[in-house]
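A short worksheet on the structure shown next.
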Amino acid sequence: MILRKAFELIFLVLAVNMPFLFLLGPFADYHYPGEHPELRSNIENIMRHRYRTPPNDSHNTGCFVYSDASGFTAYSEGNFGCAIVLWTYYERRGDLDAKFMLGIMQLNGKGFKDQEFFGAIRLRDAAVQGHEWAQNVLAMLFLKGRVVRQSDVDGLMWLTILASSRDKKLAAWAKHKKLNYVEKPYSIWSRVPSYSVAIADRAAESCLRFRTIDSCWLVDR
């Protein structure tokens, strides 16, 4: 009986914590955010619609031969060089989705080599400007301590910011993930101290107010 109860407790701990371990989902090696399969689809649809035809001043760029000019055809065909060319072109013109995709490529080492940290920096820049999926990725990188130094405060700050999203589904997910991480029910790890949560909440308020790198990047302080 005691052995059975022990196995049941172990199973319960794994059942609660395993979804978090695989939270970031399908975009592969670096756990692109979402066990939401619609994530990449949403961004892809937005960019394909936005860039149906190549910009007027891009006629000398061989990579703009793709019919949709969004970069996703090149990416899906494994032509990472052209995806980088296209998304860099759009990034320089202020497109946050393009900046986000370049950051993800750097994290995954697709078309880039040993640039994971620079991918995190790129995502940080997009997140500070309000790109919600970049905020999602940063939160998970900080909480898991991947590429950047592990920081509960930074991770919870980005989840708090994401919880203010106008997208109700995304906001609800962020609130749930924050609560689950702070409380860590049935986890072998202790809960996050209340003072860390308070610091994260104040930092999120400051980041949302000022939208600067200094107000949104805490880990090295």
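The values are calculated or read from the model by the stated rules, or taken from the named source; none is laboratory data. Being a predicted model, the structure only gives us computed values, none of them experimental. Here the Cβ positions follow ideal geometry from the backbone for every residue, glycine too, while neighbour counts run over all protein chains shown.
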- Message: Just checking, does the range 183-195 include any residue being in a helix (DSSP H, G or I) and either β-branched (Val, Ile, Thr) or surrounded by 15 or more Cβ atoms within 10 Å (Cβ to Cβ) (or both)?
- Response: no
- For the range 193-210, does any single residue satisfy the condition of being among the aliphatic types (A, V, I, L, M) and under 24 Å from Ile43 (Cα atoms)? yes
- Odd one out for Leu123, checked against (1) touching a helix residue (DSSP H, G or I) at 6+ places or on another chain (Cβ under 6 Å); (2) free of Cβ contacts under 8 Å to residues at least 12 places away in the same chain: (2)
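From the list Ala98, Ala139, Ala172, which one is at pLDDT 90 or above, closer than 23 Å to Arg191 by Cα, of a type outside the set (Val, Ile, Thr) and more than 12 Å from the chain's Cα centre (by Cα)?
Details: Ala98 fails: closer than 23 Å to Arg191 by Cα; Ala139 fails: more than 12 Å from the chain's Cα centre (by Cα).
Just a single option satisfies the conditions, and that option is Ala172.
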- Query: Looking at Glu91, is it closer than 24 Å to Ser165 by Cβ and free of Cβ contacts under 8 Å to residues at least 12 places away in the same chain?
  - Reply: yes
